[in-house]
1. At 222 nm, what value in deg cm²/dmol follows for the chain if DSSP H runs of at least 4 each add -39500 (n - 2.57) and the sum is divided by all its residues, to the nearest 500?
2. Can you give the angle from 0 to 90° between the axis of helix 467-486 and the longest principal axis of the chain, with both taken from C-alpha atoms, to the nearest 10?
3. Out of residues 5 or more away from THR171 or on other chains, whose amide H comes under 5 Å of its own, with H placed 1.01 Å from N in the peptide plane?
4. For region 347-359, take each phi angle, set θ = phi - 60°, evaluate the Karplus expression 6.51 cos²θ - 1.76 cosθ + 1.60, and give the result in whole Hz per residue in order, putting x for glycine and proline.
5. Put +1 on the Cβ of every Lys and Arg and -1 on every Asp and Glu Cβ in the chain; which of SER493, ILE161, ALA16 then has its Cα farthest towards the positive end of the dipole?
6. Relative contact order for the chain: what is it in percent, counting Cα pairs under 8 Å that are at least 6 residues apart?
7. Sort 46-53, 224-231 by the packing proxy (mean of other Cβ within 10 Å over each peptide's residues), most packed first.
8. Binned at 5 Å from 0, what are the whole-percent values of the Cα-Cα distance distribution for region 13-93, short to long?
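Nothing in this text is a laboratory measurement; each read-out follows from the coordinates by a stated rule. Given the structure is predicted, the values throughout are model-derived calculations rather than measurements. Cβ placement follows ideal geometry from the backbone for every residue including glycine, while neighbour counts extend to all protein chains displayed.
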Amino acid sequence: AASIPGVEPETCAFDAFRLAVASKLTGPLNIPLEKAYEGVDIGKKGADFTVAVPRFRLGGKPDDWAKKVVDEFKADLWVESVTVDKAFVSFMVRTDTLVNKVLTQIHDLTYRTPSGKPEYGCNHSGKGKKVIIEYSSPNIAKEFHAGHLRSTILGAFLANIHRATGWDVMTINYLGDWGKQFGLVAVGFERYGSEEALKTDAVHHLYDVYVKINKDAETDEAVHDAAREFFKRMEDGDEAAVAQWKRFRDFSLERYKQSYDRLNVDFDVYGGESTVSQKAMQDVIQKMDEMGIIEEGKEKKEGARLINLEKWKLGSPVVQKTDGTSLYITRDIAGAIERHEKYHFDKMIYVAGAPQDMHFAQFFKVLDLMDFPWAKTLEHANFGSILGMSSRKGTAVSLDHILNEAQDTMHEQMKTNETKYANVDDPQKTADEIGMSAVKIQDMAGKRINNYTFNWSRMLSFEGDTGPYLQYAHARLCSVQRKTAQAGLVLPSDVSKINTDLLTEPGARVIVYLLASYPDVVRTAIKTYEPSGVVTYLFRLSHAISAAWETLVVMGQEEELAKARLWLFINARDVLGAGLRLLSLRPLEKM
Ligand code: ARG
């Protein structure tokens, strides 16, 4: 059969049907398959499926070609009839073929590797290409703030969606692990530090110390001098200073890793600003000089050296300070060059908040001016702010506080249903997973560029479009399978024996339609980098499933029908689970 790049009928039933229709257009219209495919769109009409082709899209004289299409039409396994109206040529899909095809694909693709990877819905569009995704990137000794939380959640999603579309993915955590703050922390640690606390929870302890010493520094300039002096020693490679810095970094990293494990997030490389070599930075400045793109700063910027990007309305970022110490942007420029030399990526995505839009635009532009052809492959996946992220009592808090509070609230809630609670294997862990689902889904429910207000009661509710609701929908589907198995209803291992033609109710067809759409949802997400499309989809799927409980009863039905319905629910569960994993959630089986 003819194929079109990016169209994968073996893993996407809709593709198979769109192809079938497109191939009925090529002859009468005398156009290539690819062109015909562009105009083809699958939809649902009542309990049935249609492929509608807008008549204007294909050019020519609409009446002539519509007549030709109808004249030459032959029914087959995929399409049964064709009708023409003013705006569309509509093909009626063989619904039983579609229902069977979709469910079989989900089954085959999910069970081939029962490793928890989201296989159904995946495609190969990124095959042979390498992407680096840099995300989370907190600043050691400073606060892990809402921006880092969003970067972590969105970055994990972007890594997953690239893996799901065949990319070779490498993830980097670019820690803020260099700079004067370490001088401050070192001075503060002398005054307020505790070895004990450093070992048990470096992240919070160092932040504590940092806050205290900053307070001292407000009234005592000597603290600043000592901090600057310490950081200078670090940059000069003084052994004792570097050793102390390294301890702070190592203990913090250990603590961060615990949080990342908890969040179901990981990194191939823990890099950081400290890993960009002095040499790389000198080389960059030298190259800029040779190319003549550096200007000497005037007036307020006297002594500093900068790059004039006014032509592109991007200001004039300073790339070298008067005292010669390095800068955030210079580290990023040199770091990108080092990464490209080392990893040869086809694209690199930086996941960071919208307040850094200017920074990324500047540093991408500088690399472009330096004639690096790959500068065009750099992307900034930005996002808005979380407003009012505080504990339930209203005080500003760390990531752990937020996750713990969500966990505790969910745990209390679970205890109110004693029978269910007794059945859950590890209530603490389950409560934690539900709590994190609440936080994550709230974060990914809207367009990423939008700000949102952190809302405890809304996000933790089991009703409405929330993380707990999605987890509940999944757990309920798992329980159907457990209960039916207990009652002796088991599906044949040869699933072709299941009679999917019995799935005729509108409620069943809605679910099938949604299941078939999932590969398209993944394709949209890899284009837009928007997790909200996946979240919305999962809500629609969950609503369709819960609406079907009453009409698609499994227990007590005639066996063939019971099996068909059970199979539909199991496939729905698998797609729901795949979608949740794509969003970095761990689908729950009991809750
Ligand atoms: N550590 C930075 C911050 O907290 C984020 C790093 C973003 N990535 C980068 N390559 N500049 O603001």
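1. It lands at -18000 deg cm²/dmol.
2. 50
3. Those qualifying (amide H under 5 Å, at least 5 residues apart or on another chain) are ILE133, ASP268, VAL269.
4. Once rounded to whole Hz, the list reads 6, 9, 10, 9, 9, 8, x, 4, x, 9, 3, 5, 4.
5. Ranked along the dipole, the leading option is ALA16.
6. Once divided by the residue count of the chain, the mean separation gives 15 percent.
7. Those peptides, ordered most packed to least, come out 46-53, 224-231.
8. 3, 17, 31, 30, 15, 4, 1
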